[in-house]
Structures are given as C-alpha cells and as structure tokens.
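Here the structure is laid out as structure tokens; the discussion comes afterwards.
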Amino acid sequence: MFDHVALRVADLGASRRFYETVLATLGIGSPTHADDEVVEWHDFDLSPATAEKPVTRRLHIGFGAPSRGHVDAFWEAGTRAGYADDGAPGPRPEYGPDYYGGFLLDPDGNSAEAVHHDDVGPPGHVDHLWIRVADVAAARAFYLTIAPYAGLRPGTDEPERAQFTGAGGSFSLVAGDEPTEHVHIAFPAPDLTTVEAFHRAATEVGYADNGAPGERPQYHPGYHGAFVLDPDGNNVEVVFHDRR
C-alpha cells in the first residue's frame with residue numbers, strides 16, 4: 001500500500017537505535033540504506049528535522065510481524081533497552097478477531113507497534129498507520145479525492161474514525177485534539193500519468209500544492225513524484241519509479 005512512510009526526527013542517531021533495536025526482532029534490523037540525511041528500512045525511513053521540516057509527532061505506525069512470538073520479542077527488546085511501553089503484547093479484538101499487537105513509544109513519542117494478524121504482509125514492512133486529525137470528515141474528503149490515483153479503497157466511515165485500505169495495508173484517520181504532525185506518506189503509482197492526475201485532482205479542488213509533478217533525480221534516476229498537503233498539513237505524495 002505504501003511506497004514509503006517518512007518521519008522527521010529530533011535526533012537521527014537516537015531514533016535509528018530505537019528502530020534498529022525493535023525491527024531486528026522482525027528480521028530487518030539493519031537499514032537498507034543509511035547516510036547522514038536518511039536511514040531507510042524498505043518502506044520506512046527517518047530524516048533529521050529542520051526548521052522547515054519539523055519533527056513528526058503523534059503518529060501511530062504498525063509493522064507486520066510473522067507471528068505472535070515476534071510481537072512479544074519486539075516489545076520485550078524495546079522495554080529491555082529502556083524504551084517506553086505503550087501497550088503490552090496481547091490480543092486486541094476491537095481491531096479484529098485475530099489481531100495481536102504490542103506497542104512502544106519511539107524517542108519522539110510516536111507509537112510504534114508490531115502486529116500479527118492473518119492478512120499481515122512482509123515482516124517488518126508498514127502494516128498500517130493511525131493519523132490523528134482535526135476534522136475526520138475533512139480529512140476523509142481529501143483522501144477520497146486522491147483515492148483513485150493512490151490505490152486507496154474507503155472502508156470504515158464513522159464520526160470519530162475513517163479508514164482506507166490498499167494492497168497489503170491500511171490507514172485510519174482518527175479524531176484527536178492534537179493532530180498528527182509532519183508525517184510524509186507516499187503511495188505508489190503505475191506510471192507518470194497517474195502522478196500527474198493525482199496532483200491535478202487535488203490542486204484543482206483547492207488542496208495545497210507541495211511540489212509539482214516531475215523527476216527527483218536526487219532520490220534516484222527515474223523517480224517521478226508529486227506532492228500535496230492534506231488538511232492537517234501532512235505531506236502526501238504519489239510516486240512512480242521508472243526503472244527502465
């Protein structure tokens with residue numbers, strides 16, 4: 001579902017140590033890429049915060065675990081290393097009959113979870129996000145606008161929560177007095193035309209442009225992305241990787 005989810009962090013070294021510690025229990029402890037500007041694990045990455053791009057706050061991110069035992073190991077590794085507990089491992093039937101999760105807080109206070117359920121995707125990849133929003137209906141309207149281009153399907157629609165699903169994942173928009181801030185979410189596109197259509201559809205109805213469609217060779221040759229801001233100011237991208 002996600003091409004990548006990116007967090008801005010106050011201390012790159014401290015956040016890297018946290019995620020290396022806990023993701024190792026899911027089989028992906030070593031980053032797939034690391035330098036002074038970004039540390040990346042497949043579809044998840046960290047970058048240092050700046051004045052223009054502040055720290056990500058109040059995000060919930062769930063990583064897929066291949067078994068309940070891996071969920072236990074994730075939580076135990078984090079708490080043993082001194083990181084804050086945000087919910088001990090166990091069944092969470094309110095999320096699904098086979099849902100088993102364990103929760104920790106990362107160094108910036110975001111909630112990080114390992115989760116196992118019958119439809120879980122590849123180990124250590126992003127399974128789901130919970131994004132706190134100021135207005136669920138307004139946020140849902142934005143994501144409905146981009147859904148055809150981002151591969152999203154609307155799911156639960158309640159006053160306090162709206163869900164979208166996609167290939168191998170989901171995210172929920174949840175009412176909160178303090179919304180999630182400064183998260184970057186990128187969805188994959190099959191071609192450049194889809195990237196352009198996403199940007200046009202969002203900006204034509206008044207959502208804020210955060211980067212016109214175009215190649216971003218600083219990421220890699222053939223990286224074609226476009227960016228808009230959701231109603232809470234989060235940076236949403238649709239990206240096509242032209243690997244020819």
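The values are calculated or read from the model by the stated rules, or taken from the named source; none is laboratory data. If you're wondering where the values come from, they're calculated on a predicted model, not measured in any experiment. Cβ: placed from backbone, ideal geometry, glycine included. Neighbour counts: every protein chain shown. Just the protein is used for accessible areas: all its heavy atoms, side chains included, with ligands, DNA and RNA removed. Shrake-Rupley method; radii C 1.70, N 1.55, O 1.52, S 1.80 Å.
Just give me the residues in region 56-74 being under 27 Å from PRO91 (Cβ atoms) and open to solvent by 50 Å² or more (accessible area, probe 1.4 Å), in sequence order. Walk me through how you get there before you give the answer.
Here is the first cut: in region 56-74, the residues under 27 Å from PRO91 (Cβ atoms) are 58-74.
Once the filter is applied, which keeps residues that are under 27 Å from PRO91 (Cβ atoms) and open to solvent by 50 Å² or more (accessible area, probe 1.4 Å), region 56-74 yields ARG58, PRO66, ARG68, HIS70.
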Discussion item. Suppose the filter is farther than 28 Å from ASP11 by Cβ and either over 19 Å from the mean Cα position of the chain (by Cα) or buried (at least 20 other Cβ atoms within 10 Å of the Cβ) (or both); does PRO89 pass it?
Written reply: no
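Residues checked against (1) surrounded by fewer than 19 Cβ atoms within 10 Å (Cβ to Cβ); (2) farther than 18 Å from ASP43 by Cα; (3) in contact with a helix residue (DSSP H, G or I) (Cβ under 9 Å, 6 or more places away or on another chain):
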position: TYR207; (1), (2), (3): no, yes, yes
position: GLY211; (1), (2), (3): yes, yes, yes
position: GLN218; (1), (2), (3): yes, no, no
position: ALA226; (1), (2), (3): no, no, yes
position: ASP230; (1), (2), (3): no, yes, yes
position: GLY233; (1), (2), (3): yes, yes, no
position: VAL238; (1), (2), (3): no, no, yes
position: ARG244; (1), (2), (3): yes, yes, no
Discussion item. Restricting to region 186-201, give me the number of residues that are buried (at least 19 other Cβ atoms within 10 Å of the Cβ) and among the small types (Gly, Ala, Ser).
Written reply: 2
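If you go through region 152-180 one residue at a time, how many are of a type in the set (Asp, Glu) and either open to solvent by less than 70 Å² (accessible area, probe 1.4 Å) or over 28 Å from ALA49 (Cα atoms) (or both)?
The first filter runs over region 152-180 and keeps only residues of a type in the set (Asp, Glu), leaving 157-158, 160, 177-178.
Now drop any that are not either open to solvent by less than 70 Å² (accessible area, probe 1.4 Å) or over 28 Å from ALA49 (Cα atoms) (or both), which leaves 157-158, 160.
Adding up the residues that qualify gives 3.
Any residue at all in region 75-84 that's more than 17 Å from the chain's Cα centre (by Cα), open to solvent by 30 Å² or more (accessible area, probe 1.4 Å) and of a type in the set (Phe, Trp, Tyr)? First the steps, then the outcome.
Here is the first cut: in region 75-84, the residues more than 17 Å from the chain's Cα centre (by Cα) are 75-84.
Still in the list and also open to solvent by 30 Å² or more (accessible area, probe 1.4 Å): 75-76, 79-84.
Then keep just the ones that are of a type in the set (Phe, Trp, Tyr); that gives 75, 83.
Scanning region 75-84 turns up at least one residue that is more than 17 Å from the chain's Cα centre (by Cα), open to solvent by 30 Å² or more (accessible area, probe 1.4 Å) and of a type in the set (Phe, Trp, Tyr).
Among the candidates GLU37, GLU52, single out the residue that is in contact with a Ser or Thr (Cβ under 9 Å, 6 or more places away or on another chain) and farther than 27 Å from ALA175 by Cβ.
That would be GLU37, the only listed residue that is in contact with a Ser or Thr (Cβ under 9 Å, 6 or more places away or on another chain) and farther than 27 Å from ALA175 by Cβ.
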Item to complete: Scan region 9-26 and give yes if some residue there is part of a strand (DSSP E or B) and either open to solvent by less than 50 Å² (accessible area, probe 1.4 Å) or small (Gly, Ala, Ser) (or both), otherwise no.
Response: yes
Discussion item. Being open to solvent by less than 40 Å² (accessible area, probe 1.4 Å), at negative phi and of a type outside the set (Asp, Glu) is the requirement here; does VAL183 meet it?
Written reply: yes
Worksheet item: Do any residues in region 58-69 that are under 13 Å from LEU104 (Cα atoms) have Cβ atoms under 8 Å from those of residues that are of a type in the set (Ser, Thr, Tyr) and in a strand (DSSP E or B), where the two are at least six apart or on different chains, and which pairs are they?
Response: LEU59/SER111; HIS60/SER111; ILE61/SER111
Response to the item:
By residue number, the members of region 193-222 that are under 18 Å from ARG243 (Cα atoms) and part of a loop (DSSP other than H, G, I, E, B) are ARG216, PRO217, GLN218, TYR219, HIS220, PRO221, GLY222
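When region 31-55 is examined, which residues are found to be closer than 30 Å to ASP118 by Cα, part of a loop (DSSP other than H, G, I, E, B) and either touching an Asp or Glu at 6+ places or on another chain (Cβ under 6 Å) or open to solvent by less than 40 Å² (accessible area, probe 1.4 Å) (or both)?
Within region 31-55, the subset closer than 30 Å to ASP118 by Cα is 31-33, 39-46.
From the residues that got through so far, the ones that are part of a loop (DSSP other than H, G, I, E, B) too are 31-32, 42-43.
Passing the criteria: PRO31, THR32, ASP43.
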Practice prompt. Among what's in region 117-137 and is farther than 20 Å from ALA6 by Cβ and open to solvent by less than 40 Å² (accessible area, probe 1.4 Å), pick the residue that is nearest to the chain's Cα centre (by Cα).
Written response: VAL120
